[in-house]
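**Student:** Once you've had a glance at the structure underneath, I'll fire off some questions.
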Amino acid sequence: MISKKEAIIFGIIFLSIISLIYAIPLSEFTNPTPANATSTTNTSIEINVSITEANLNEIIYNWNGTNFTMYNDSLKLMFNFDNVSALGENDTHVFDISGSNNNGTVTGATVSASGKYGGTFDFDGSADFIGAGDIIFDGATRFSVAFWAKVDDLTKDNTFLSKGAHYWNVPVLFWRDESTSNPCAAASDTVTLLVSTGSTDQRICAASGSLNDNNWHFYTGTFLASSSTGLNLYLDGKKAAVARSTTSITSIESSSDTVRLGAPTPTSNTKDLNGMLDNYMIFDRVLSDAEVYQLYISSLSKYNSTDWNLYVNQSLNATDGLDIGDYTYFTSAKDNVGNGNVTETRTVTISAVDNEYPVFSSYWDNNATLNNSGTGLFNVTLANTNGTVLLEINNTNITATNLTADVYNASYDLTTNGTYTYRWHSWGNGTNENYNASIDRDYVVNYLDTTSPTTTLISPTNNTGQPENITFNYNVTDANTINNCSLILNSVINQTNTSITKDIIQNFTLNNLSIGSYNWSVNCTDGSNNVNTSETRTFSIIKKNDFTGNTTDLTQEDITNITNLIIDNPSYAEINFTQSVDLSAGADINSYVNISQNRIEVNSTVISALNKSARLRFYNLSFSDPQALKDGSICPDCTEISYSGGTFILDVTGFSIYSARETPSTVSPSTGGGGGSIRTTTNVTNQSCISNWSCGSWSFCSADFTQARSCNDLNKCVNATSKPTEKRVCPDILFDSIIELKTKKIYSGENIKFKVNLMEVNNSDLVDIKIIYRILKNNVIVYEESETRAIQNKIAYDKEISNLDLPIGEYYLSVIIEYGKNQAASAEHSFIINESKNIFSLFNSVGIILILIALLIFIAYNWYKSREKTEELEDKLENIEEKLEEKETKRKRLKNWIINKIEAIRSRNLRKGQENIQKIEDKMAKSKIKNKKNNLKDSDELIEDLNRKKT
């Protein structure tokens, strides 16, 4: 166990090492840097380095043993123009990441996301510029200026850098000159750099040449005093052929003018830059040719107070790729007190391009020799193959056999007739084994067909009523192809279709068929001229499309026996026939049946099939007590069923014209002289109720770009139905959106956090909008999510996108506001996803070594402490062993004493035992003598007795 004191000591050591680690710049390779020992045929290599350091002082990039200083105190100004809020940048302030505090003030130029690397500022050619203080030019004897520029107007002069007016004898002037009288070469379309003592100019010019377009280009100028060749120009990383003045100066004039990017002092619309600038750098040293090229293929960016990124697209030079061979590279970084860190050194091998591809020729097969089935045979001649050759046919790959040096053979069993597409595959005999495939070829298996196709009618069904425009649907199946199908109408071919897709519903269409009865069928002919004719069906043309509601759908009814036929006009009346009706002859119900307000008319003379008993329903009547009329007179054979809510129901036995009226009322006065009775008929006028609609306020705009309101009838008319909810399209609303990223670099698995500001430009009412959050890589959407929010005037909120499972690389975030059919998108903001933040990326190799040293110190300390305890235990053990030896000696002495005692006792007892045995033996001997004497005596007596008896 570690004591409390030891734990505190180790904690102090560990924290000290951690503090040391955090004080050291952290640098590591990130995607798309190739892994160590990569071999590739690419002649350029992309290298990405992530650097973490708050007080960065130096970055050195080493390519194949040559150091390139990408950042140190000779860099006096560097603008990324990325508008990074974490660095305090905004529309009018540019942060100088060189550490020289030459921050820029923006006048007129606007932020743009279309830079060479990330963001940029756009200069419109009219008094737009960025002021950068006095910097280093006063009295300077050397400098280098490097930047990316995209010139939009190539017809005018464009100023890149000035310290003073756009004229001669100014301290520094760097511009594209489109005039016809260049100050150092009588030509237009040049790039010019001028330095001056105030009285003497030194100038250099280069033809713009391939830079005469509207693309991004890299401009570099260097100056070394006291030399007529001290000025040099580089275009896109390559030293330019120049014309120069013969003069030289010893130093640049000191002046009170500030340095301006994009315009001279004062501004001049004919000289101001119309275009963009990016990655602007000014050095207090003269860059070499190799350094200029290295800047051309590199980009150094800063994302916040501690995070940097160096990107290099390494090739040999401005015109050539890397040669075949092995290359090494690494990056080192130092802080302002000299603490340094170096990435691992990686190697990359540029290998030769393998152009060996298989070449196919001399195709052969036994095409069109098989009927219905059989074995197909295939040959091909191949050059430059590694011997792996496949035949692909019918979604199957077959490995080919090598017959001779260059000829390969394969076979395949074909079980059905048809046309099979096949191709050959093989791999080259070069180092990369390049893959190639042959052209597609067809193999035909002949078909012998004696089976007729099967033709099935689908609609219209048999014995049904149809409208005058009909689509005849059918299906045909066959193992062979179908050549054609024909519609047969009333036993005559009506039309033929030669574009038939079998096993899918096909159709014919006929329009404006006359009233009447028809029969139809379909016959089809397959590719082997086998013919089949379907069943024959009948149908009748019945025109009734003027009637809706409950009107019977006759397209699904057997029209020879229609039960409960209904003809309905929902606004006025309905006929429900109580006897079966036969309309197989067809009928023009539209023309000969009239259902209107308080009127039902059927011309049963023309359509005698409808002269049947029926139940009639009149709707929306206003009578108090209706009376049925037939042909305008009281209907004697009508049976009135009911009258309620304006609906009058009655039964009739046949058809003519039916209507209703108010039942006349009769008043009987008292009898008087001259008596007699008077019958008075009172006519009741149908007074209509007029609806008075009252509508509420419009709702707020929903996500489908509509507003709604409900309405009520204040008069509550009996016959008025509820007015449906009204809707209207919302008025157009304009939005503006701004997003602010919390950080421009996250690690794989982390969430991206940003702030969203939404503004409603025309200050409309509260509306629902759809907000789409979109992440893109190489102009491809890789992530998208959306939500709906309510907004009135403006809204600001924090947003976090989690669970981003995206590969390492650079991405762009934008927010799209969708309102109805309108969309408004924010500017795209770039961010980088790096490798997971683990102990290796956090501490890097130096940190790991220091941690290992701390662990070794801790292990050694514990080993020392344990050794002390071991020695102490060994001493104690030695004391115990000595005491045990003493005890063992005493035990042996005691044992010997006991043994001697036992031996003495045993000897004494043995001696006494022997004495006792001797005594016993003596006694026994004496006893034996005595016994013998007695026995002799007895024997003598016996002998004597015998003798006596004998006598």
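**Student:** Of the conditions (1) farther than 18 Å from residue 474 by Cβ; (2) of a type in the set (Gly, Ala, Ser); (3) surrounded by 17 or more Cβ atoms within 10 Å (Cβ to Cβ), residue 549 clears all except one; give me its number.
**Tutor:** Only one criterion in (1) farther than 18 Å from residue 474 by Cβ; (2) of a type in the set (Gly, Ala, Ser); (3) surrounded by 17 or more Cβ atoms within 10 Å (Cβ to Cβ) is unmet by residue 549, namely (3).
**Student:** Can you name every residue in region 132-146 that is in contact with a Lys or Arg (Cβ under 9 Å, 6 or more places away or on another chain) and either of a type outside the set (Phe, Trp, Tyr) or in a loop (DSSP other than H, G, I, E, B) (or both)?
**Tutor:** 132, 134, 135, 136, 137, 138, 142, 144, listed by residue number.
**Student:** A follow-up question, please. Kindly indicate which of 62, 42, 36 is surrounded by fewer than 20 Cβ atoms within 10 Å (Cβ to Cβ), assigned to a strand (DSSP E or B) and of a type outside the set (A, V, I, L, M, F, W, C).
**Tutor:** Only one candidate qualifies: 62.
**Student:** Here is a follow-up. Looking for something under 16 Å from residue 279 (Cα atoms) and among the aromatic types (Phe, Trp, Tyr) - is there at least one such residue anywhere in region 105-118?
**Tutor:** Scanning region 105-118, I find at least one residue that is under 16 Å from residue 279 (Cα atoms) and among the aromatic types (Phe, Trp, Tyr), so the answer is yes.
For every residue, the table says whether it meets (1) of a type outside the set (Val, Ile, Thr); (2) part of a strand (DSSP E or B); (3) crowded, with 19+ Cβ neighbours inside 10 Å.
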site	(1), (2), (3)
508	yes, yes, yes
512	yes, no, no
542	no, yes, yes
559	no, no, yes
571	yes, no, no
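**Student:** Let me ask something else about it. So, in region 548-583, exactly how many residues are touching a helix residue (DSSP H, G or I) at 6+ places or on another chain (Cβ under 7 Å) and among the hydrophobic types (A, V, I, L, M, F, W, C)?
**Tutor:** Residues meeting the conditions: 3.
**Student:** With respect to residue 83, determine if the residue is within 34 Å of the chain's Cα centre (by Cα), without any contact (Cβ under 8 Å) to a residue 40 or more places away in the chain and farther than 30 Å from residue 353 by Cβ.
**Tutor:** Yes; evaluated as a whole, the condition is true for this residue.
**Student:** I've got another one for you. Are there strands (runs of 3 or more DSSP E) fully within region 579-633 with at least 1 residues that are loosely packed, with under 14 Cβ neighbours inside 10 Å? List them.
**Tutor:** Result: 593-596.
**Student:** Do you know which residues across region 307-338 are modelled with pLDDT of 95 or more and polar (S, T, N, Q)?
**Tutor:** The answer is 309, 313, 314, 315, 328, 331, 332.
**Student:** Tell me which residues, restricted to region 490-506, are buried (at least 17 other Cβ atoms within 10 Å of the Cβ) and either of a type outside the set (Val, Ile, Thr) or modelled with pLDDT of 95 or more (or both).
**Tutor:** 502, 506
**Student:** Follow-up question, since we're still on this one. Taking residue 832, is it out of contact with any Lys or Arg (no Cβ under 7 Å at 6 or more places or on another chain), within 30 Å of residue 776 (Cβ to Cβ) and modelled with pLDDT of 80 or more?
**Tutor:** no
**Student:** Can you report the number of residues in region 425-442 which are of a type outside the set (A, V, I, L, M, F, W, C), farther than 19 Å from residue 401 by Cβ and part of a loop (DSSP other than H, G, I, E, B)?
**Tutor:** 6
**Student:** Any idea which of (1) over 23 Å from residue 291 (Cβ atoms); (2) under 46 Å from the mean Cα position of the chain (by Cα); (3) without any contact (Cβ under 8 Å) to a residue 60 or more places away in the chain is the one residue 263 doesn't satisfy?
**Tutor:** (3)
**Student:** Now, a different point. Filter region 750-767 for residues that are of a type outside the set (S, T, N, Q) and modelled with pLDDT of 75 or more and give the result.
**Tutor:** Selection gives 750, 752, 753, 754, 755, 756, 758, 759.
**Student:** What number of residues within region 194-240 satisfy the criterion of being of a type outside the set (S, T, N, Q) and over 18 Å from residue 298 (Cα atoms)?
**Tutor:** So the count comes out to 19.
**Student:** Out of 580, 571, 534, 584, which single residue is assigned by TED's automatic domain parsing to the domain that holds residue 459, of a type outside the set (A, V, I, L, M, F, W, C) and farther than 20 Å from residue 631 by Cα?
**Tutor:** Going through 580, 571, 534, 584 in turn, just one is assigned by TED's automatic domain parsing to the domain that holds residue 459, of a type outside the set (A, V, I, L, M, F, W, C) and farther than 20 Å from residue 631 by Cα: 534.
**Student:** Something else now. Here is a check on your reading of the model: is residue 142 crowded, with 21+ Cβ neighbours inside 10 Å and either among the charged types (D, E, K, R) or at pLDDT below 95 (or both)?
**Tutor:** no
**Student:** Given the criteria modelled with pLDDT under 95 and surrounded by fewer than 21 Cβ atoms within 10 Å (Cβ to Cβ), does residue 290 qualify?
**Tutor:** no
**Student:** In region 510-519, is there at least one residue being within 30 Å of residue 357 (Cβ to Cβ) and out of contact with any strand residue (DSSP E or B) (no Cβ under 9 Å at 6 or more places or on another chain)?
**Tutor:** no
**Student:** Output yes when any residue across region 443-452 is of a type outside the set (Val, Ile, Thr), more than 30 Å from residue 366 (Cβ to Cβ) and at pLDDT below 95, and no when none is.
**Tutor:** The answer is yes, given that some residue of region 443-452 is of a type outside the set (Val, Ile, Thr), more than 30 Å from residue 366 (Cβ to Cβ) and at pLDDT below 95.
**Student:** Right, next: Does residue 305 satisfy the condition of being surrounded by 14 or more Cβ atoms within 10 Å (Cβ to Cβ) and outside the structural domain of residue 236 (by TED's automatic domain parsing)?
**Tutor:** Answer is no for this residue.
**Student:** Say whether the condition of being outside the structural domain of residue 590 (by TED's automatic domain parsing), exposed (fewer than 15 other Cβ atoms within 10 Å of the Cβ) and closer than 30 Å to residue 585 by Cα is met by at least one residue in region 476-489.
**Tutor:** No, every residue in region 476-489 fails to be outside the structural domain of residue 590 (by TED's automatic domain parsing), exposed (fewer than 15 other Cβ atoms within 10 Å of the Cβ) and closer than 30 Å to residue 585 by Cα.
**Student:** Go through the residues of region 672-693 one by one and say whether even a single one is under 60 Å from the mean Cα position of the chain (by Cα), exposed (fewer than 12 other Cβ atoms within 10 Å of the Cβ) and modelled with pLDDT under 75.
**Tutor:** Among the residues of region 672-693, at least one is under 60 Å from the mean Cα position of the chain (by Cα), exposed (fewer than 12 other Cβ atoms within 10 Å of the Cβ) and modelled with pLDDT under 75, which makes the answer yes.
**Student:** Can you pull out every residue in region 359-417 that is in contact with a Gly (Cβ under 6 Å, 6 or more places away or on another chain) and part of a loop (DSSP other than H, G, I, E, B)?
**Tutor:** Scanning region 359-417 gives a single hit, 384.
**Student:** Then there's this: What number of residues in region 482-506 are small (Gly, Ala, Ser) and not in a strand (DSSP E or B)?
**Tutor:** Of the residues in that region, 2 qualify.
**Student:** Could you tell me whether region 521-538 includes any residue that is surrounded by 17 or more Cβ atoms within 10 Å (Cβ to Cβ), modelled with pLDDT under 95 and of a type in the set (D, E, K, R)?
**Tutor:** Yes, some residue in region 521-538 is surrounded by 17 or more Cβ atoms within 10 Å (Cβ to Cβ), modelled with pLDDT under 95 and of a type in the set (D, E, K, R).
**Student:** Can residue 124 be described as surrounded by fewer than 22 Cβ atoms within 10 Å (Cβ to Cβ) and either under 40 Å from the mean Cα position of the chain (by Cα) or modelled with pLDDT of 95 or more (or both)?
**Tutor:** So residue 124 fits the description; yes.
**Student:** When you scan region 316-344, how many residues do you find that are closer than 20 Å to residue 67 by Cβ, exposed (fewer than 15 other Cβ atoms within 10 Å of the Cβ) and of a type in the set (D, E, K, R)?
**Tutor:** 2
**Student:** Here's something else I'd like to know. Is there any pair with a first residue in region 493-519 that is in contact (Cβ under 8 Å) with a residue 40 or more places away in the chain and a second that is basic (Lys, Arg) and outside any loop (DSSP other than H, G, I, E, B) whose Cβ atoms are under 8 Å apart and which are 6 or more apart or on different chains, and what are they?
**Tutor:** Qualifying pairs under 8 Å: 515/543.
**Student:** Collect the residues in region 216-253 that are among the polar types (S, T, N, Q) and within 53 Å of the chain's Cα centre (by Cα), keeping them in residue-number order.
**Tutor:** Scanning region 216-253 gives 220, 222, 232.
The values are calculated or read from the model by the stated rules, or taken from the named source; none is laboratory data. Remember, it's a predicted structure, so these values are computed and weren't measured experimentally. When we count neighbours, we look across all protein chains shown, and the Cβ atoms used for this are built from the backbone with ideal geometry, even at glycine.
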